């Protein structure tokens, strides 16, 4: 019986797939990260100019998706199609310094 | 969406130019540590192991956002074409989910399920939560059901409403919007303990004994399901058995 159990355990272990690599670790980063462009080649915004809702609506259709942030009563929107070309904004909303990434 | 203050220091991030597991990498200009933008965690450098604090945010159509928050400011800039930035309800229902939780301790509730169960009483980790879904704008949210000493249970309130004129004019919205029969929609829920009525989109109590109260929102972000699974292979997925 013990032999049978051991055999089953051995068989189970043999059939297990390779353990997937642990991601979001420095070792995994070093193994697979790829420098695809120079640092800062991609535009990042810091404390960008903003407009009010009325002005925004002259450009944005109602169906346009936005990331909405509501912090201590201060509200701000980041259209996805703008973030698609920026990816990262260093901003301040209310009393908080924020990093908006997409 | 993160608070970029860390231990009394305000970090300013730049773009490292690196692609790591289909995600771009940020660096902070002070220590030049590298940060994964998906988790907000420093992966390499002097700040390795540090975690930025998540800030709650939503992804909604601009028309909804400006109506809810007429005082909002908005970032304008070059609009990327051909990008999934315009509201397409069938596509979002089929492909997206709501990721609830922070860091790597997250659960994905697929929109395909939430559109069937728009008020879902459940648990994330140790916390009792209600996950809600306003289908017409594909807005998912999650709230703690603990309110002071009370633990609340919620049921959806169905109302029959005619499709809006705006919905009818948009061909990309679901075909059922074009139907002439009223459609059942859910925008409020009722707690079993007091009978109070709550807005499912923001967790505010509209009327009843708890009017004026607000449920604590949990960090919840809309994710393209296949991307989420790639980033969080050990995360829990809650969805329809057949579709998932």
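All of the numbers you see were taken from the coordinates with simple rules; none came from a lab. These numbers were taken from a predicted model, which means no experiment stands behind them. When we count neighbours, we look across all protein chains shown, and the Cβ atoms used for this are built from the backbone with ideal geometry, even at glycine.
Here are a few things to note about the model shown:
- Share of pairwise Cα-Cα distances greater than 18 Å in the stretch B:2-54 is 18 percent (whole percent).
- Rounded FRET efficiency, nearest 0.05, which uses the C-beta distance separating residue B:157 from residue A:51 and R0 of 51 Å: 0.85
- FRET efficiency, 1/(1 + (r/R0)^6) with R0 22 Å, evaluated for residue A:72 and residue B:146 via beta carbons: 0.45
- Added length on full extension, which subtracts the Cα-Cα distance from 0.36 nm per residue, residue B:10 to residue B:78: 21.7 nm
- Packing-based order for A:63-72, B:198-207, using average beta carbon neighbours within 10 Å, highest first: A:63-72, B:198-207
- Using a cutoff of 8 angstrom between alpha carbon atoms and counting only pairs six or more residues apart, the relative contact order for chain B works out to 18 percent.
- Debye log10 I(q)/I(0) at q = 0.18 Å⁻¹ for chain B, Cα point scatterers: -1.50
- For the protein assembly as shown, a Kirkwood radius taken over Cα pairs fed into Stokes-Einstein (4 °C, viscosity 1.567 mPa s) yields D = 59 µm²/s.
- Fully extended contour minus Cα-Cα distance, from residue B:193 to residue B:224, at 0.36 nm per residue: 7.6 nm
- Counting, for every residue in A:37-48, the Cβ atoms of other protein chains within 10 Å of its Cβ and taking the mean gives 4.
- Note on residue B:53 and residue A:31: their simple-model spin labels are 3.5 nm apart, each label 7 Å out from Cα toward Cβ.
- Full-extension gain in nm, residue B:67 to residue B:126, via 0.36 nm per residue minus C-alpha separation: 17.7 nm
- Treating r as the C-beta distance of residue B:207 and residue A:22 and R0 as 56 Å, the FRET efficiency rounds to 0.70.
- By the helix-only formula, in which each DSSP H run with n ≥ 4 contributes -39500 (n - 2.57) and the sum is divided by residues, the protein assembly as shown has a 222 nm mean residue ellipticity of -5000 deg cm²/dmol.
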